[in-house]
Amino acid sequence: ALRIFFLFSVIFCVAVFAEGSFLGDESDGSRSNIVHRINLLSAEGDKIFPDDDLVLPFSTKQTCGACHDYEKISTGWHFNSMDKDSAPGRVSQPWILTDPTSMTQLPLSYRAWQGLQHPDKIGLTRWKFAKAFGSHTPGGILEDIDKEPDFDARWMESGELEINCLSCHDAESAHDQAVYAIQLDQENFRWAAAATSAFAQVKGSARSMPEMYDHLMPPQLDDPKLIAPEISYDKHRFDNKGKLIFDLNTDISNERCYFCHSSIDISDNGKEKWAHDEDVHIAAGLNCVDCHRNGVDHNITRGYEGEYEVSDNSLAALSSCRGCHLGTEGEEFSAGRLGAPKPIHAGIPVIHFESLSCTACHSGPLPAQNTILSKDACSHKLGTYGSNKSERAAPHIVYPVYARQDDGKIAPSKLIWPSFWGRMIANAVTPILPEKVKPVIGGFIDDYESIRQGDFPKLSEEKVAEILKELTSRLPGEGELVYIAGGTLYQLDADGGLKTSDNEAAKPYLWPVAHNVRPASQSLGSDSCRDCHSAKKPFLFGDVSIDSPVISKTKTAKMLDFTGLNKAYTRAFALSFVFRPMFKISVIGSSLVLMLVLLLYGLKALGFVVSFLSQEFANDKGERAQDEKKKENIFEDDLEDEEDAKDHIPDPTKRIFIIDAASAFFYVLTLVCFVSLLITGFVPKFVFGESLSGYMLMVHASCAPVFACSLTAAVLLWVHRYRFARTDLHPFKGCAIIPRICFWIILIVSIPLMLSIVLGMFPIFGTEGQHCLIYLHLLSAIILTVVAVIHSLLLIAAKLKHTDPLL
């Protein structure tokens with residue numbers, strides 16, 4: 001028995017302490033949920049019994065870390081923002097420091113995202129950060145001993161804010177994450193995680209405790225109103241060995257995610273969730289973690305394209321929209337994951353997928369002429385007790401704004417206009433924390449109703465100038481006192497008046513969003529191209545609210561300002577869609593006429609070939625000779641008929657002149673349009689390696705219908721002259737047949753050249769079909785170019801020799 005016990009002890013120790021391996025971090029392949037019957041351990045590593053004289057809060061680092069690699073988990077996306085060595089990834093939602101009284105809404109982050117303030121650089125210590133934003137974090141905020149001492153911090157009394165594993169993994173319905181916010185407000189950091197569970201109760205407040213309060217040696221308090229933090233456990237949850245059963249789950253429910261990731265759009269429908277449609281993925285039965293996955297390292301996938309380039313998570317490429325719906329390159333069956341339908345995108349040119357993200361058409365509310373406000377859990381403390389339910393409660397997040405991302409694609413985004421008081425040195429503005437300016441500003445505010453609702457009071461520019469003067473006198477220091485709001489910097493001029501200017505710190509901060517996802521039937525473009533390509537549609541021509549406490553005449557910006565598109569071109573391109581029906585009609589009509597000409601002369605040529613072959617293989621040479629004689633007679637009769645017809649024409653010279661003039665006109669017009677199409681079509685692709693877009697595209701599209709119509713007219717004028725004759729088969733007449741062959745090749749190739757573009761404008765061909773149409777268009781253009789050059793050279797050579805190229 002001792003040997004067996006010793007053997008199992010060795011195996012257990014190896015499993016727990018082997019490098020990179022923890023008992024709970026390696027699956028044996030079972031998909032069943034693991035029962036967690038474990039010991040509760042305090043921060044000191046002592047086992048907790050509910051009957052102890054001094055009952056301590058359990059530590060997630062010690063309790064969960066006994067079987068899981070706590071240090072590795074702490075490097076996950078939810079916990080590594082303060083690690084300067086972690087990859088920042090794509091820009092995302094910031095923390096927003098908000099104070100209505102000082103009219104401050106300041107976006108900030110520890111991550112290196114451009115346009116945000118770093119908490120350390122503005123004096124927001126980790127203690128203050130935990131107090132301001134800890135309620136909607138899963139913990140992991142620790143004292144930074146490398147920084148200068150924070151004399152306002154009370155880490156000794158509160159304890160550090162460890163990772164709260166229960167925030168996500170507690171499967172009990174009685175788990176109350178809102179209690180977490182209450183505990184942080186009371187500065188009960190070390191008790192906060194336990195307080196959210198269904199088996200523990202916490203009372204008292206570390207905030208009211210005296211300096212140097214020690215939870216292991218609580219002092220005798222004279223004031224009966226002061227209650228030291230205490231915790232009690234449900235004794236019935238412990239077994240006879242002092243172990244407690246945690247109801248934990250690795251398949252995180254959506255409700256665990258919603259506490260920090262809920263958002264609501266403040267529109268005409270109000271805030272109620274039943275007034276808004278659910279994300280199509282959730283409605284289909286998926287959970288958040290079906291897409292946002294992670295391993296033991298908790299490096300959760302965020303689901304954007306290119307994430308795998310900055311992430312070690314191997315599922316990052318599969319967890320994007322493209323990864324699930326279209327699959328990843330090199331994997332045969334990766335498309336259609338989790339039942340995702342493979343989109344066809346019939347009638348949508350492929351350039352849309354180069355310029356737009358998937359979310360541009362499928363995510364968020366449909367664009368309206370004016371943006372709306374959005375409230376989210378992290379910024380507005382949604383889900384906590386006593387949260388401000390006013391629709392105007394700050395911060396004011398503007399949504400949806402269609403803006404260009406770093407990858408060059410336009411995506412729906414949320415936007416916030418920074419508002420704060422700061423010091424400017426060499427045009428660089430450093431924000432001042434609200435607590436330092438509130439005592440000064442309070443005397444200038446009389447709109448208490450707005451503050452009560454959590455909104456900013458409105459200020460006139462004159463009052464802003466008065467506040468700046470008062471701040472300058474009462475807050476001496478290096479740098480000029482300024483105020484930033486609504487994209488404008490306000491500062492005092494030499495005469496004490498107010499002047500405005502632009503500043504980098506005043507620019508709005510935007511971050512892309514993906515939810516809620518709408519189905520294809522409700523996507524942009526599902527009605528028609530004019531869902532976006534119209535000067536009256538808000539996708540590009542809507543108004544973006546400029547949020548500012550300062551009363552200003554300028555209240556909106558244009559959506560185009562955030563897309564990086566040229567305003568004049570975009571408006572002209574949108575107006576061009578008025579003529580798109582004419583474009584389709586002219587190109588399709590020209591193609592049909594050319595096809596009819598080809599069919600008629602093709603049948604005639606086929607009859608000629610059949611007749612020729614039947615004569616060649618006729619057995620009776622005499623009959624063949626007789627037939628030839630008859631044909632010669634017929635040919636002579638035709639010539640006589642033509643001569644007789646000429647006698648009846650009043651003025652043949654005039655008719656020939658009109659035909660030649662028309663032929664020359666359409667020839668020149670076709671040639672000019674063709675050269676324009678060549679330049680605009682080939683130069684962007686083969687010289688700059690870019691897709692056809694911008695003014696080049698507009699010129700290309702404008703010349704195309706003119707080219708189609710003029711080419712058709714030229715063909716009708718020339719087709720009879722370029723028809724094949726029996727003399728073209730003579731061995732010494734080879735040079736005369738080349739122009740004819742070139743003419744008919746041009747006619748044949750022009751049909752797929754024109755139809756390959758116009759068919760792409762109809763909801764017939766999907767993405768793969770669109771690619772095929774582009775290749776067909778390109779191939780036809782190349783063939784047409786080569787043949788047209790040969791044909792033109794022959795015409796020029798004949799013109800110089802004053803001969804007919806067809807003789």
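Looking across the range 452-479, the residues that are over 35 Å from the mean Cα position of the chain (by Cα), touching a residue at least 60 places away in the same chain (Cβ under 8 Å) and open to solvent by 10 Å² or more (accessible area, probe 1.4 Å) come down to SER460, GLU461.
Listed by first and then second residue, the pairs linking a residue in the range 706-717 that is on the phi < 0 side of the Ramachandran plot to a residue that is open to solvent by 10 Å² or more (accessible area, probe 1.4 Å) and of a type in the set (D, E, K, R), with Cβ atoms under 8 Å apart and 6 or more places separating them unless they lie on different chains, form an empty list. For the range 48-86, how many residues meet the condition of being of a type in the set (D, E, K, R) and surrounded by 15 or more Cβ atoms within 10 Å (Cβ to Cβ)? Of the residues in the range 48-86, 3 are of a type in the set (D, E, K, R) and surrounded by 15 or more Cβ atoms within 10 Å (Cβ to Cβ). Of the numbered criteria (1) open to solvent by 20 Å² or more (accessible area, probe 1.4 Å); (2) in contact with a strand residue (DSSP E or B) (Cβ under 6 Å, 6 or more places away or on another chain), the one LEU161 fails is (1). For the criterion of being open to solvent by 40 Å² or more (accessible area, probe 1.4 Å) and touching a Ser or Thr at 6+ places or on another chain (Cβ under 9 Å), LYS235 fails. Looking across the range 480-520, the residues that are assigned to a loop (DSSP other than H, G, I, E, B) and open to solvent by 30 Å² or more (accessible area, probe 1.4 Å) come down to ASP493, ALA494, ASP495, ASP502, LYS507, PRO508, ALA514, HIS515, ASN516, PRO519.
Note on the range 411-436: among residues that are open to solvent by less than 10 Å² (accessible area, probe 1.4 Å) and aromatic (Phe, Trp, Tyr), the one that is farthest from the chain's Cα centre (by Cα) is TRP421.
Somewhere in the range 717-727, is a residue out of contact with any strand residue (DSSP E or B) (no Cβ under 6 Å at 6 or more places or on another chain) and within 15 Å of LEU671 (Cβ to Cβ)? Within the range 717-727, one or more residues are out of contact with any strand residue (DSSP E or B) (no Cβ under 6 Å at 6 or more places or on another chain) and within 15 Å of LEU671 (Cβ to Cβ). Do we find that HIS292 is at pLDDT 70 or above, over 26 Å from PRO400 (Cβ atoms), open to solvent by 40 Å² or more (accessible area, probe 1.4 Å) and in contact with a Gly (Cβ under 7 Å, 6 or more places away or on another chain) in this structure? So HIS292 does not fit the description; no.
Of the helices (runs of 4 or more DSSP H) lying entirely inside the range 323-390, those carrying at least 2 residues that are surrounded by fewer than 18 Cβ atoms within 10 Å (Cβ to Cβ) and at pLDDT below 90 are 351-355. For first residues located in the range 558-573 and farther than 17 Å from ARG530 by Cβ and free of Cβ contacts under 8 Å to residues at least 12 places away in the same chain, partners that are open to solvent by 30 Å² or more (accessible area, probe 1.4 Å) and in a helix (DSSP H, G or I) and lie 6+ apart or on another chain with Cβ distances below 8 Å do not occur. Please work out which residue is farthest from GLY487 (Cα to Cα), limiting yourself to the range 508-564 and to residues that are of a type in the set (Gly, Ala, Ser) and in contact with a strand residue (DSSP E or B) (Cβ under 6 Å, 6 or more places away or on another chain). The selected residue is ALA514.
Being surrounded by 13 or more Cβ atoms within 10 Å (Cβ to Cβ), at pLDDT 85 or above and not in a loop (DSSP other than H, G, I, E, B) is a description that does not apply to LEU795.
For the range 410-426, filtering for residues that are touching an Asp or Glu at 6+ places or on another chain (Cβ under 8 Å) and not in a strand (DSSP E or B) leaves 1.
Annotation note: Cβ proximity below 9 Å between a residue of the range 65-82 that is under 18 Å from ASP144 (Cα atoms) and touching a residue at least 12 places away in the same chain (Cβ under 8 Å) and a residue that is among the aliphatic types (A, V, I, L, M) and open to solvent by 40 Å² or more (accessible area, probe 1.4 Å) (sequence gap 6+ or interchain) occurs for MET82/LEU142. Looking at VAL597, VAL593, VAL610, just one residue is out of contact with any strand residue (DSSP E or B) (no Cβ under 7 Å at 6 or more places or on another chain) and more than 30 Å from PRO705 (Cβ to Cβ), and that residue is VAL610.
The values are calculated or read from the model by the stated rules, or taken from the named source; none is laboratory data. Bear in mind the structure is a predicted one, so any value in this text is a computation, not a measurement. Note: ideal-geometry Cβ built from the backbone for every residue, glycine included; neighbour counts use all protein chains shown. For accessibility, only protein heavy atoms count, side chains too; no ligands or nucleic acids. Shrake-Rupley method; radii C 1.70, N 1.55, O 1.52, S 1.80 Å.
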